[in-house]
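To start, the structure itself, in structure tokens.
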Amino acid sequence: MSKTKARSSLRPLTVPAEIRKLLGPPPLLSTEHQKFYYAMLAHFGASVEGTDLITWLLLKDVADARVEIARYRRFKTLRISIARSREKERTLAEFGLEKKIETYENNVEKRRQEVAKSDLSDKEKESKYADYDSALDDAIDGAEADYAELVKKLRAPDTDLDFMGVFRRWLEDFERLDVILQAAEERFRAALDELDRYQRGRFSRLSEELDVIEAEASNPSAPTVRCPRPDRRGRTPSRMNPARSPLRAALPAATRALKKGGGGGGGE
């Protein structure tokens, strides 16, 4: 079968508008997109047969769990990145450019005051002041150059060694995220199991009802004997009440007439 035919046989990858309203808004953060959420939900819907409302509700549980799993995995990476960013901020703060400049200025000001109180001549005082100002400018220029070099170094791409250098700062939160991630993965598996049980039970009942209808249509005068089919675990489902069967209620009029006619013929 060609790829074109295979694609044409697939169900449309969309979630009906009325189903969206019934399901309610998706549990997304402002950084997460409804477009991707509904695309995922539509893919899930295309992979199962007979998407009734209950199936859509179960599929939503599956999709919601997948959103959580993806979110917590992003958060784990983000937590490491945050730890590295905060380490950079601490490094810059510890360098203390403004504090260094303030210290240089205070020192120069103290020396200027000492010179002002001294017995030096005005010319000598001016010479001292000029020397202090020049030394201050050199000290500030040196500090700013060192700071710029440090900033350049911190802006360089981080390495694994950089991230491991802040290992202790993100490990505890990382482990906490692991716990809630595992819980989300368990919810995902549980949602899949619930969907699988519903689908198997639903189509198992439909299959039994179709067997009953086929038997009645082929031999309407004979009593119908049904042998319940065991499920995957070998358990035999309880006998279904034919009066409650939706397919039995929808049995074609021709089949019922055939059964009635066969019963009358047998009496004669």
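Residues satisfying the criterion are present in the range 67-77 (criterion: farther than 30 Å from residue 142 by Cβ, without any contact (Cβ under 8 Å) to a residue 24 or more places away in the chain and among the β-branched types (Val, Ile, Thr)). Among the residues of the range 190-198, is any surrounded by fewer than 16 Cβ atoms within 10 Å (Cβ to Cβ), among the basic types (Lys, Arg) and modelled with pLDDT under 95? Within the range 190-198, one or more residues are surrounded by fewer than 16 Cβ atoms within 10 Å (Cβ to Cβ), among the basic types (Lys, Arg) and modelled with pLDDT under 95.
Residue count for the range 9-50, restricted to those that are polar (S, T, N, Q) and under 16 Å from residue 69 (Cβ atoms): 1. For residue 108, only one of the following conditions fails: (1) in contact (Cβ under 8 Å) with a residue 12 or more places away in the chain; (2) of a type in the set (Val, Ile, Thr); (3) under 25 Å from residue 87 (Cα atoms). What is its number? Tallying (1) in contact (Cβ under 8 Å) with a residue 12 or more places away in the chain; (2) of a type in the set (Val, Ile, Thr); (3) under 25 Å from residue 87 (Cα atoms), residue 108 fails exactly one: (3). Taking the range 102-135 as the range and being surrounded by 12 or more Cβ atoms within 10 Å (Cβ to Cβ) and more than 60 Å from the chain's Cα centre (by Cα) as the test, the residues that pass are 111, 112, 115, 120, 124, 125, 126, 127, 128, 129, 131, 132.
Residue 49 satisfies every condition listed in (1) surrounded by 11 or more Cβ atoms within 10 Å (Cβ to Cβ); (2) in a loop (DSSP other than H, G, I, E, B); (3) not small (Gly, Ala, Ser) except (1). When residues in the range 85-100 are screened for being of a type in the set (D, E, K, R), touching a residue at least 12 places away in the same chain (Cβ under 8 Å) and either closer than 30 Å to residue 137 by Cβ or in contact with an Asp or Glu (Cβ under 6 Å, 6 or more places away or on another chain) (or both), 2 of them pass.
The values are calculated or read from the model by the stated rules, or taken from the named source; none is laboratory data. Just so we're clear, the structure is a prediction, and the values are computed from it rather than from any experiment. Every residue, glycine among them, receives a Cβ derived from its backbone with ideal geometry; neighbour counts consider all protein chains shown.
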